[in-house]
Amino acid sequence: MKYISLKNKYLRILLIILIAIATTGLFAGVSYVALYQTEFYHHSIWTFLGPSDNRFHMMRIEGLYQSILHHNYFPLVNMSFMEGLGYISNIFYSDFLIYPAAFLRLMGFTPAQTIVRFYLLLNFLTFTVSFLCFFKVSKKYWNSLVFSFVYTLANYRLHDMLFRHDLGEIGAFVFLPIAVLGIYEIFYGERKRNWLFLAFGMTGIIYSHAISPILVAILIVLVMLCQIPELRVHPKRLLSLIWAAVASGLLSIGYFLPMLEQLKHTTLRLTESKSILPTGADNLVDYFHWSIDNVINKPNIGIVLLLAGLAALVSMGKIENKAVKHFAGIGAIMFICGSKIFPWVMLNKTPFKMIQYPWRFDMIATILLAIFVASDPLHLLKGNLVKAALIVFVTLLAISASYRMVNSMSTAMVPYSEYDKASPFSIGGGQEYLPDGADIVPLEAEPQIPTIKAGKKAKITNFKRVDTKMTFNFKHAKKTVISVPVIAYYGFQSKESTGNVSKLTMNKKNNGLGEVTVSGNGKVVIDYYETHVQKTARHFSFWALVVLVIGAILSMFNFKWSKFKPWAIEMKNKLSEKKAVKSEKSEPKDVPESEDTQESKETEESEIKEKSKKTDDSKNDDSEDKQVKE
């Protein structure tokens, strides 16, 4: 019997391994199938360059790749933009997510080959992470599989990936299930240990896409309002939320502080842009039509999640699971409020204007309604066969949507060879990170060499530019104002220059380009120097990550500091005893003499007395002899 049970144990382990391999293969296969029409068919990429961010994000990858080649592993300015003028998108759009793509470029893949492989990786990661997060709570394989497919192949996510090519939001989709798992654990589940999920998930979203954390924060507030009765009974749940917020804040200091520092010293178009919240919203009827038609060239949640939202609203009273009920209700409300029904004009002059487009709430609606579908609170998915059929149906809908989008505008198919050509002035539709008043059109016509703007004519020679550094020599100058081909963001300096060279300044009337004033002969050296705030923030976030990872590993093994308290007290006592012994040895003490020592001393004294007595006797004898002779 013992042998049989051991054998069964090994069989169970083998079965788990086989299921894991099969599931991994399934995710990889569907990841490829979902991208085939738009990224692989005829070696072309479907990229509509009007509202698409494809070129912008490809240039971000290219800039990071070029910086790594020059041993600048954490660049703060992307010098591939605008043919070397530089664009400080890295501070506002973290490079954290695109390092794998940059490594693909380092491996020798072309830009087109890199982006399609990177999309494959993002699809696979989204499948895997969403599956594992749902499985942690449900412990049901097929339900977790349903959730991963409904979530990863959702219309809004495919709209982000295949139509808008928004790498930031696509990356946020990878970390969103981790953050929602943390929210669930804090407000409905085991709060003590699992608040780290929210901390790590929120941090990943922050480093992927600056706008998405606002949406998650709104979700947290709505869940708190739903759970007020529970929070009154167990207020320590709020303490776990605070811990998660503090941990995420510490991990994100490396992102937020450099951004705030740059905004303090440089006025960008980002801060001066007008809100588009009211105009960015669409009619709710249009959202319904786009979802039912299963299109991905418009923002919508798709037919499956639309039906799920309607079912949730109609049968809210029948849902027994409190978390599923709250999530489904919030998801349906967010879908509706993402339209013009909500009075967005009221928030036009508030910090919420950073959301830009109300239909971004479809991201939150997607994951919450996908949880509702996979949890199956209405018991509609009876049996694994029905769940498998739903998975196949969702996959076919995704293939159909991408096929119809490609055929509706086949002219947008760009061959790999054409896509590989750089587009350095594709800095995004909003051009948010240009200095206020700068215009992309005159910057395109700007000569990529230093030019004299005022003062005595001087001779400029030996101009060189490598990554963020540029150098050139000057002769016979007298208060000569030279415009240099770089946007003078805060951090660019001329402090290593030789000769009479002024500080680098930004000329706002010349589209933010840098200027120096020189006299005599010398050499101008301009480079970007990491500020003290940037260095400190990056190191602080790194060590915060190290501490939290160690803490997470210890919690996995049920580590408790209380177990080591007796050991710590014992070690403390031993140390104090050793110190006491050392202090006793260092102090001089009166040591009592032994009997042998006393006897030897007495013998010595008696011998000395006898010798002295003999000496006295001899002296007396001599004196007596002298007297007799006399």
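Within the set Phe131, Phe103, Phe124, Phe109, the sole residue that is assigned to a helix (DSSP H, G or I), open to solvent by 10 Å² or more (accessible area, probe 1.4 Å) and over 24 Å from Ile391 (Cα atoms) turns out to be Phe103. Yes or no: the range 412-425 includes at least one residue that is closer than 23 Å to Met470 by Cβ and of a type in the set (Lys, Arg). Scanning the range 412-425 turns up no residue that is closer than 23 Å to Met470 by Cβ and of a type in the set (Lys, Arg).
Taking the criterion of being in a loop (DSSP other than H, G, I, E, B), surrounded by fewer than 14 Cβ atoms within 10 Å (Cβ to Cβ) and of a type in the set (Val, Ile, Thr), the only residue of the range 422-480 that qualifies is Ile449. Look at (1) under 25 Å from Gly29 (Cα atoms); (2) in contact with a helix residue (DSSP H, G or I) (Cβ under 6 Å, 6 or more places away or on another chain); (3) surrounded by 24 or more Cβ atoms within 10 Å (Cβ to Cβ) and you find that Trp142 fails only one, number (3).
Against the conditions (1) assigned to a loop (DSSP other than H, G, I, E, B); (2) open to solvent by less than 50 Å² (accessible area, probe 1.4 Å), His379 satisfies every one except (2).
Looking only at residues in the range 481-495 that are touching a Lys or Arg at 6+ places or on another chain (Cβ under 9 Å) and either open to solvent by 50 Å² or more (accessible area, probe 1.4 Å) or touching a residue at least 40 places away in the same chain (Cβ under 8 Å) (or both), the one that is nearest to Val516 (Cα to Cα) is Ile482. The set of residues from the range 310-326 being open to solvent by less than 10 Å² (accessible area, probe 1.4 Å) and assigned to a helix (DSSP H, G or I) comprises Ala312, Ala323.
Among the candidates Arg164, Arg157, which residue alone is of a type in the set (Lys, Arg) and modelled with pLDDT under 95?
Working: Arg157 fails: modelled with pLDDT under 95.
The conditions single out Arg164.
Sub-6 Å Cβ pairs linking a first residue in the range 281-306 that is on the phi < 0 side of the Ramachandran plot to a second residue that is of a type in the set (Phe, Trp, Tyr) and open to solvent by 40 Å² or more (accessible area, probe 1.4 Å), at least 6 apart or interchain, are Lys298/Trp290; Asn300/Trp290, ordered by first then second residue.
Residue count for the range 196-208, restricted to those that are of a type outside the set (Val, Ile, Thr), open to solvent by less than 10 Å² (accessible area, probe 1.4 Å) and either under 16 Å from Phe96 (Cα atoms) or free of Cβ contacts under 8 Å to residues at least 12 places away in the same chain (or both): 3. Condition check for Gly512 on (1) in contact (Cβ under 8 Å) with a residue 40 or more places away in the chain; (2) open to solvent by 10 Å² or more (accessible area, probe 1.4 Å); (3) closer than 18 Å to Tyr87 by Cβ: one failure, at (2).
Across the range 185-227, the number of residues qualifying as assigned to a loop (DSSP other than H, G, I, E, B) and within 22 Å of the chain's Cα centre (by Cα) comes to 3. In contact (Cβ under 8 Å) with a residue 40 or more places away in the chain and either over 33 Å from the mean Cα position of the chain (by Cα) or open to solvent by 20 Å² or more (accessible area, probe 1.4 Å) (or both): is that true of Lys353 in this structure? Criteria met by Lys353. Within the range 97-112, residues that are closer than 21 Å to Ser208 by Cα and modelled with pLDDT of 95 or more sit with their Cβ atoms under 7 Å from residues that are open to solvent by 50 Å² or more (accessible area, probe 1.4 Å) and assigned to a helix (DSSP H, G or I), at 6+ positions apart or across chains, in these pairs: Pro100/Leu121; Leu104/Arg117.
The values are calculated or read from the model by the stated rules, or taken from the named source; none is laboratory data. Since this is a predicted model, take the numbers as computed values, not measurements. Cβ atoms come from the backbone with ideal geometry, glycine included; neighbour counts cover every protein chain shown. Remember, those area values only see protein heavy atoms, side chains included, never the ligands or the DNA or RNA. Shrake-Rupley method; radii C 1.70, N 1.55, O 1.52, S 1.80 Å.
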